[in-house]
Amino acid sequence: MSPTRRAFATGLAAVCGGCLGLGPAQSSTPTDRPDSDGDGVPDDVDDYPNDDRRAFRSSSSEGTTTIEAGEFRAIGLTNTPQDSGEYVDYDVAVEGEGTVDCLVFRREEYDAYEQGARDASPVAAFSRTDVSEAHVVEQLPEGQFIFSLDCTEQSTEPGRESVTVTYSIKMADPVSTATPD
């Protein structure tokens with residue numbers, strides 16, 4: 001086949017392939033990446049594609065723990081003293097009949113709580129008491145915070161039996177400070 005006939009045959013095949021849907025489709029303009037919540041962060045890189053407040057998860061902790069009456073479990077939250085605006089997102093579910101307190105303390109209050117002070121003040125906006133199930137998403141202000149699953153007399157009188165708690169705690173950057181890839 002001569003170069004002219006080969007070029008013609010290749011061109012004809014490309015045109016016909018496109019017309020018949022046999023070849024790859026070509027678009028004259030690129031398609032924008034989907035952004036379901038309209039926060040400016042494309043869904044494929046957004047850890048929260050349906051929440052316009054949050055974009056990227058910065059840390060997380062999850063598991064199941066059994067807590068005896070009079071005990072607590074603490075988990076540090078990563079909102080640094082210089083930063084503010086990260087979101088805490090926690091889910092807690094107690095198996096069976098018991099309840100637990102989900103307390104969020106500022107660092108200095110937590111230090112007293114850890115030493116046994118049961119008058120240390122948790123941050124009410126982020127804490128939930130006497131719960132068998134809780135889901136909270138709140139934006140933290142500047143500072144260091146500690147999350148505690150509590151079965152002490154801090155807020156609610158504990159039952160006599162231990163409680164088994166399944167939890168998930170995530171920290172996420174707010175959209176305003178998030179930068180998409």
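Take the residues of region 131-163 that are of a type outside the set (A, V, I, L, M, F, W, C) and within 14 Å of ASP91 (Cα to Cα): which is modelled with the lowest pLDDT? Step by step, filter region 131-163, then rank; the result is GLU138. Look at (1) of a type in the set (D, E, K, R); (2) under 16 Å from the mean Cα position of the chain (by Cα); (3) modelled with pLDDT of 85 or more and you find that ASP173 fails only one, number (3). For residues that are crowded, with 16+ Cβ neighbours inside 10 Å and of a type outside the set (D, E, K, R), scanning just region 106-130, find the one that is nearest to VAL163 (Cα to Cα). Only one residue tops the list, namely THR129.
The values are calculated or read from the model by the stated rules, or taken from the named source; none is laboratory data. All figures in this text were calculated on a predicted structure; none of them were measured in a lab. Every residue, glycine among them, receives a Cβ derived from its backbone with ideal geometry; neighbour counts consider all protein chains shown.
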